[in-house]
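The next block holds one structure in the form of C-alpha cells; read it before the comments.
What follows draws every value from the coordinates through simple rules; no lab data is involved. Worth saying up front: this structure is predicted, and the values here are computed from it rather than measured. Neighbour counts run over all protein chains shown; Cβ positions are idealised from the backbone, glycine included.
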Amino acid sequence: MQDISAKLEERLGRVHARQRLGIETEHEQRVFGGGLNFFHFENWYSIHSVIRNSLRLTGLYRRGCRNAARIQVRHNPIERADIPSAFNGFTILHISDLHADMNGAAMDRLTELLDPLDYDVCVFTGDYRGKTFGPFEAALAGTAKVRSHVRGPVYGVLGNHDTIRMVPDLEEMGIRMLLNESETIVRQDQCIHIAGIDDAHYYRVDNIEKAAAGIRSSEFSILLSHTPEIYRQAAHAGFGLLLGGHTHGGQICLPGSIPITLDATLPRRLGAGSWVYHGMSGYTSVGVGSSVVPVRLNCLPEITLHRLQALPVK
C-alpha cells in the first residue's frame, strides 16, 4: 500500500492522491450517503440475487444475458461551428462501463468489433471494474485485452466502481488517464483539447477548473466524465462536447427503451444518447458491460464513433 501511495502522490500530487485513497477506504460498499445520490443501488449487494431470481421467474434472465453480449456500433455526428476545419472528420471511439470482470461474453464480442473500425483516438469513460470494492486484477486483465485491440492515442477517466490504485496499471497498458487534466491534439496549425475529471458521482473528487486550466475559451474542448451529471458545470465552463456514461441507459428498461432507473441525478433526456445543453453537445453512452446483474433488457450495449463535422462560421 505504501508503494502505490507513493506512486500516486508522484503522479497526481499529494492532496488528490490522499483524498481519493482516504475516501475509498471510508466509503467502499456504502449503500446510503455520500456522492451525488443518497442511495447507491450498485453497492447494495444483497439485492443482486433478488433481481436475478426475479428475472428467472419471469423467464427474462436468459434473454437478458444474451442481450448483454449484443454490442451495437453507434455513429454520432457532432456538427458545430467551433470545430476547427483541420479536425473536420476527426473521429472518436467512445467506450464506457466495461465492468470487464463480470462481462466475459461482452468483452469477447467487443474485441471482435474493434479491429475493423476506423477512428483517430479512443476514449474510455470509466467503470472498468464490476464491483465497487475488492480485487481489481481481473478487471485490469479484461481491460488490457480490450486495449490490445485499440489503435492510436487512448484517453480515459475513472468511474465510481474504480479505485485510483488502478491508475498505474491502466497507464502502463497505454491509457492516458486524465484526472482533472487535459491533453492537446494538434493538426496543421489548429488544435482541440481533451480534458478529463476524476469521478464526480460518488467520490466527488472532480475539478473542472483544474481540468480546463490552460484551455483558451476560443478553442474547442472535449470533457470526459464518467457521469454526465456535471453537465451544467461543463457547459458553463465552456466545453463544446461532454462524453460520459454511468447510466447504462437504465440497463433493464421497459419496452421503448424507457429506463426504470438511471442511478443519476439529471433530466431523463440526458440519460442516453446525444443531447444539447446551453450550446454544449453531449453524449451519454449506455455502455458496453452490465452492472449488478449481467443482463440487458430493451437497452442493448454499445460503443460509439463520434465524428466531428466543422460547420462554416456564420
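Restricting the count to DSSP beta bridges whose residues both fall in the stretch 2-310, what percent are antiparallel, rounded to a multiple of 5?
On the way: 19 of 50 bridges.
Of all bridge pairs located within the stretch 2-310, approximately 40 percent are antiparallel.
At 222 nm, what value in deg cm²/dmol follows for the chain if DSSP H runs of at least 4 each add -39500 (n - 2.57) and the sum is divided by all its residues, to the nearest 500?
Working: 9 runs with 81 residues, N = 314.
One gets -7500 deg cm²/dmol as the mean residue ellipticity at 222 nm.
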Legend entry - Pair residue 79, residue 313: separation of 7 Å Cα→Cβ label points (nm): 2.0 nm
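Would you kindly state how much longer the chain becomes between residue 9 and residue 60 on full extension, computed as 0.36 nm times their sequence separation minus their alpha carbon distance, in nm to one decimal?
Working: separation 51, 0.36 × 51 = 18.36 nm, distance 4.68 nm.
Additional length available on full extension: 13.7 nm.
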Inset, instruction - At 7 Å along the Cα-to-beta-carbon direction for both residue 148 and residue 261, put a label point, then send me their distance in nm to one decimal. - result: 3.7 nm
Legend entry - Contact order normalised by residue count of the stretch 97-238, Cα under 8 Å, 6+ apart, percent: 20 percent
Legend entry - the stretch 2-310: relative contact order in percent, alpha carbon pairs under 8 Å with at least 6 residues between: 25 percent
Legend entry - the chain: most fluctuating residue of 250, 271, 22 per GNM, C-alpha cutoff 10 Å: 22
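With the cut-off at 1.5 for a/c, could you classify the stretch 185-314 from its C-alpha gyration tensor as rounded, prolate or oblate? Could you put the intermediate results ahead of the total?
Values: a/c = 2.18, a/b = 1.70, b/c = 1.29.
Prolate is the answer for the stretch 185-314, as a/c is 1.5 or above and a/b outweighs b/c.
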Legend entry - Residues residue 165 and residue 218, FRET efficiency given R0 of 45 Å [Cβ-Cβ distance, rounded to 0.05]: 0.75
Legend entry - Among 188-195, 9-16, the order from most to least packed when residues are scored by Cβ within 10 Å on average: 188-195, 9-16
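Report the antiparallel proportion of the DSSP beta bridges in the stretch 231-314 as a percent, rounded to a multiple of 5. Walk me through the numbers on the way to the answer.
Values: 7 of 12 bridges.
Bridges in the stretch 231-314 that DSSP calls antiparallel: roughly 60 percent.
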